[in-house]
1. Just one of (1) modelled with pLDDT under 95; (2) closer than 22 Å to Tyr7 by Cβ; (3) out of contact with any Gly (no Cβ under 8 Å at 6 or more places or on another chain) trips up Arg150, so point out which.
2. Within segment 65-72, is there a residue that is within 25 Å of Gln2 (Cβ to Cβ), touching a Ser or Thr at 6+ places or on another chain (Cβ under 8 Å), open to solvent by 30 Å² or more (accessible area, probe 1.4 Å) and not hydrophobic (A, V, I, L, M, F, W, C)?
3. Are any of the residues in segment 22-32 under 25 Å from Met1 (Cα atoms) and either over 17 Å from the mean Cα position of the chain (by Cα) or of a type in the set (Lys, Arg) (or both)?
4. Name the residues in segment 3-58 that are in a helix (DSSP H, G or I), open to solvent by 30 Å² or more (accessible area, probe 1.4 Å) and of a type in the set (Gly, Ala, Ser), would you?
5. Would you check if Leu142 is open to solvent by less than 50 Å² (accessible area, probe 1.4 Å), hydrophobic (A, V, I, L, M, F, W, C) and closer than 28 Å to Lys37 by Cα?
6. Please verify whether segment 3-10 includes one or more residues that are hydroxyl-bearing (Ser, Thr, Tyr) and touching an Asp or Glu at 6+ places or on another chain (Cβ under 6 Å).
7. What are the pairs with Cβ atoms under 9 angstrom where one residue, in segment 36-52, is closer than 22 Å to Pro13 by Cβ and the other, located anywhere, is surrounded by fewer than 11 Cβ atoms within 10 Å (Cβ to Cβ)? Sequence gap at least six, or different chains.
8. Quick check: is even one residue across segment 79-95 of a type outside the set (A, V, I, L, M), modelled with pLDDT under 95, touching a Ser or Thr at 6+ places or on another chain (Cβ under 7 Å) and closer than 25 Å to Gln12 by Cα?
Amino acid sequence: MQLSDVYQGMGQPAFEQLIRGSSIGKLRTLQVYEAFKVRAHLHKLNTETLRKAAPKFWTRILEGDDEFSKELAQAILVSHLDMITAVLDFLGVPHENGFFAKDMDAKPYFTEGWEERVFENFRGTFSDAILTFYINHLKWELLGATEPYRPASSAA
């Protein structure tokens with residue numbers, strides 16, 4: 001599974017919701033603003049240009065641009081560090097403000113059925129789209145998943 005498969009599996013409306021949920025302030029604070037602006041091929045990066053660029057971003061996702069998919073995932077996820085820390089705390093995964101230590105093996109913390117437990121616990125607190133995306137990002141990055149997670153109780 002590629003990261004572009006995760007976006008595609010969610011569909012364009014959920015993808016656009018992820019884009020709209022990105023925080024320009026957090027991108028600047030965590031020093032990913034300039035790198036993302038360049039990778040996104042934007043001269044100016046603000047909420048309006050992000051929203052308008054979403055269809056072009058979707059086209060790049062459909063084309064399988066995995067480097068862009070990764071850069072976009074970073075921009076989306078840093079905008080939701082509150083959710084990330086809450087999910088990792090819920091699962092008992094050690095982290096530093098939502099980030100794993102470089103040499104840590106987090107796989108043992110992701111026991112059978114963790115995806116549905118996370119989704120059901122945080123549904124209503126965070127959007128279905130961002131929860132589904134983060135669950136799939138963890139499956140892709142840490143667990144080498146071959147198929148994206150689709151919540152049984154949602155059409156995220």
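1. So Arg150 meets the others, but not (3).
2. Looking for residues that are within 25 Å of Gln2 (Cβ to Cβ), touching a Ser or Thr at 6+ places or on another chain (Cβ under 8 Å), open to solvent by 30 Å² or more (accessible area, probe 1.4 Å) and not hydrophobic (A, V, I, L, M, F, W, C), one finds at least one in segment 65-72, hence yes.
3. no
4. Let us first name the residues in segment 3-58 that are in a helix (DSSP H, G or I), namely 3-10, 12-20, 24-29, 33-39, 47-58.
From the residues that got through so far, the ones that are open to solvent by 30 Å² or more (accessible area, probe 1.4 Å) too are 5, 8-9, 12-13, 16-17, 20, 25-26, 28-29, 34-35, 37-39, 47-49, 51-52, 55-56.
Residues satisfying the conditions are Gly9, Gly25, Ala35.
5. Yes; evaluated as a whole, the condition is true for this residue.
6. Scanning segment 3-10, I find at least one residue that is hydroxyl-bearing (Ser, Thr, Tyr) and touching an Asp or Glu at 6+ places or on another chain (Cβ under 6 Å), so the answer is yes.
7. Thr49/His43
8. yes
The values are calculated or read from the model by the stated rules, or taken from the named source; none is laboratory data. Just so you know, these numbers come straight off a predicted model, no measurement behind them. Here Cβ is always computed from backbone atoms with ideal geometry, including for glycine, and neighbour counts include all displayed protein chains. SASA here: full protein model, heavy atoms, side chains in, ligands and nucleic acids out. Shrake-Rupley method; radii C 1.70, N 1.55, O 1.52, S 1.80 Å.
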